[in-house]
Amino acid sequence: MKPSILFLCCSFVLALVLTAMQSACTDPTTLGADLLEEDRLGLDFVDTITIQASVQPNSPVLVYDGANFANQLLSHPFGTYNDPVFGKVEASLYVQPTLHLTRAGTAGFLTKPNFKDVTLDSIVLVLTLDSTNFFGRPTQTFGLEVYRVIQEIDAVAGKYYSDATFATQPVPIGSIQFPPRLDSLSVLDYSGIDTVRLSFPHLRIPLDPAIGQELISLDTTVYDHDTTFIRVFRGLYLKPTNTTDGLVAFSFNFSTLRAGMYLYYTNDQGRPRQYQFDINELGARVSSFRHETAGFPVETLLGNTTPPGGVLLSQGMAGPHIRLELPHIQHLRGAIVNYAELEVPLGFFPDDDTLKYRPSADLTLRTADFNGNLDPIADVQFAGAQRTRIFGGVLIRGGGARPDTYRMNVSAHLADIISGRAPNVLYLQLYQKGQRSSRVVLNGPNHPTQKMRLKVAFTKS
């Protein structure tokens, strides 16, 4: 059941008085936890509701849904690195080149190649870099190998999680060693009437010329539609070949139209030309994540409701997240929730490098549906594009004795829990977890000094 707009708007306004209420609350009662009366405002307030928190083990995340673009990643972490707290991470990627789409505004039309009487010059894989999703301040050289996929990836109806694998040929068809830099490379573009020079941050990986010759030699009917082309050329697998000190990321979406497999050739008139097989939202892009936690500090926290030091861990990709249970929240049954906020201080783990591995800037809360799928809580769904303003979840810098803190408006969802319309368990995750390479250490409800709290302003019915 969705919350009323009036209720959520009112709860947003009431957030402004929570801080003042905390200093004015003096009369304890026995409603669930230590309820504090606020006679002047006519509201009750509590910030000692019991929270049971635990770090949940790594589990596959949805990374591609052909039937729902909202469930497709816009950024794809890549590389292998050892996190001193969270363990080893390997992020690889399957991509599916498709026929070139010539765009005109929001519309587009398929452009078939004309390879009649042409001479192959080279074939190059172009990957556009996502500067917003590098993690760990990587400095070491990355290794990447390209393999040809020989198993079907269903771009239309497929629904794939981060543990999906697809068969490939055993020998790579291309490789590269590259520094983790965002310098723009300048290249010549032969797609138009005139040759132009383009510059943008990307990698260029030469592929086996035999692949290019095969594409030139295909029957022209193969290029009638994406589906006929994909039956012949299933896709590519991008695999990291060495361990580095962080991750880079690639992006294939509406705003990065340069990614693709470029076939350079000389036409029958002796002119240099090119054809771009696109890598974008029309083809499958399936990230694969592998996490190894054995022997790392995170292992001691998994499933532990009383973690050492009272800290909790959450990571992007398919890494661990946090389970929050409110075992005694039904003691508030019958109360009207005016505003509720989850306050989560940023934590610290011994020997962690917080300058190199910066905390995630953005968290969210999810709840399980009847099938066990995790969906955004009602407050996040209502907020829509105004998520950070209405729901929150962004890191707020502290000062003096005040720690950096995440605050999240949970008013509508808490009302649903109290009324029995939602379970009393929430999951605290990085926002857009599947495409984020970052992580965060948080103070839990058992932290000795600066603990996680659920603050609720309510009216007794």
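The values are calculated or read from the model by the stated rules, or taken from the named source; none is laboratory data. Quick caveat: nothing in here was measured; it's all calculated off a predicted structure. All Cβ positions, glycine included, derive from the backbone under ideal geometry; neighbour counts span all protein chains shown.
Based on what the data block shows, is Asn304 outside any strand (DSSP E or B), of a type outside the set (A, V, I, L, M) and either surrounded by 22 or more Cβ atoms within 10 Å (Cβ to Cβ) or in the same structural domain as Gln96 (by TED's automatic domain parsing) (or both)?
Criteria not met by Asn304.
Yes or no, residue by residue, for (1) touching a Leu at 6+ places or on another chain (Cβ under 7 Å); (2) hydrophobic (A, V, I, L, M, F, W, C); (3) in the same structural domain as Leu326 (by TED's automatic domain parsing):
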| position | (1), (2), (3) |
| --- | --- |
| Asn371 | no, no, yes |
| Ala383 | no, yes, yes |
| Gln386 | no, no, yes |
| Gly400 | no, no, yes |
| Asn409 | no, no, yes |
| Ile418 | yes, yes, yes |
| Lys433 | no, no, yes |
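Could you grab me the full set of residues in the range 363-378 that are assigned to a strand (DSSP E or B) and without any contact (Cβ under 8 Å) to a residue 60 or more places away in the chain?
Ala368, Leu374, Asp375, Pro376
Given (1) in a loop (DSSP other than H, G, I, E, B); (2) assigned by TED's automatic domain parsing to the domain that holds Ile279; (3) surrounded by fewer than 16 Cβ atoms within 10 Å (Cβ to Cβ), identify the lone condition not met by Ala67.
So Ala67 meets the others, but not (2).
Sort out which residues of the range 267-290 are closer than 30 Å to Ser437 by Cβ and either touching a Lys or Arg at 6+ places or on another chain (Cβ under 7 Å) or part of a loop (DSSP other than H, G, I, E, B) (or both), and write them in order of number.
Start the filter on the range 267-290 by keeping residues that are closer than 30 Å to Ser437 by Cβ, which leaves 276-290.
Within the range 267-290, Ile279, Asn280, Glu281, Leu282, Gly283, Ala284 qualify.
Look through the range 411-434, keep the residues that are surrounded by 19 or more Cβ atoms within 10 Å (Cβ to Cβ) and touching an Asp or Glu at 6+ places or on another chain (Cβ under 6 Å), and return whichever of them is farthest from Asn373 (Cα to Cα).
So the residue we want is Ala412.
Of everything in the range 134-152 that's more than 19 Å from Ala164 (Cα to Cα) and outside any strand (DSSP E or B), which residue is nearest to the chain's Cα centre (by Cα)?
Of everything passing the filter in the range 134-152, Phe134 is nearest to the chain's Cα centre (by Cα).
For the range 231-247, name all the residues that are surrounded by 19 or more Cβ atoms within 10 Å (Cβ to Cβ) and modelled with pLDDT under 95.
Listed by number, the residues that qualify are Thr244, Gly246.
Pro113 fails exactly one of the following numbered conditions: (1) within 24 Å of the chain's Cα centre (by Cα); (2) part of a loop (DSSP other than H, G, I, E, B); (3) not charged (D, E, K, R). What is the number of that condition?
Only one criterion is unmet by Pro113, namely (1).
Can you tell me which residues in the range 168-212 are assigned to a loop (DSSP other than H, G, I, E, B), surrounded by 13 or more Cβ atoms within 10 Å (Cβ to Cβ) and modelled with pLDDT of 95 or more?
Those that are assigned to a loop (DSSP other than H, G, I, E, B), surrounded by 13 or more Cβ atoms within 10 Å (Cβ to Cβ) and modelled with pLDDT of 95 or more: Pro172, Ile173, Asp208.
Can you tell me which condition His291 does not meet? The list is (1) within 20 Å of Pro445 (Cα to Cα); (2) buried (at least 22 other Cβ atoms within 10 Å of the Cβ), and all the others hold.
(1)
Would a scan of the range 94-109 turn up a residue that is at pLDDT below 90, in contact with a His (Cβ under 8 Å, 6 or more places away or on another chain) and on the phi > 0 side of the Ramachandran plot?
Restricting attention to the range 94-109, the residues satisfying the condition of being at pLDDT below 90 are 101-109.
Filter once more, keeping what is in contact with a His (Cβ under 8 Å, 6 or more places away or on another chain): none.
Scanning the range 94-109, I find no residue that is at pLDDT below 90, in contact with a His (Cβ under 8 Å, 6 or more places away or on another chain) and on the phi > 0 side of the Ramachandran plot, so the answer is no.
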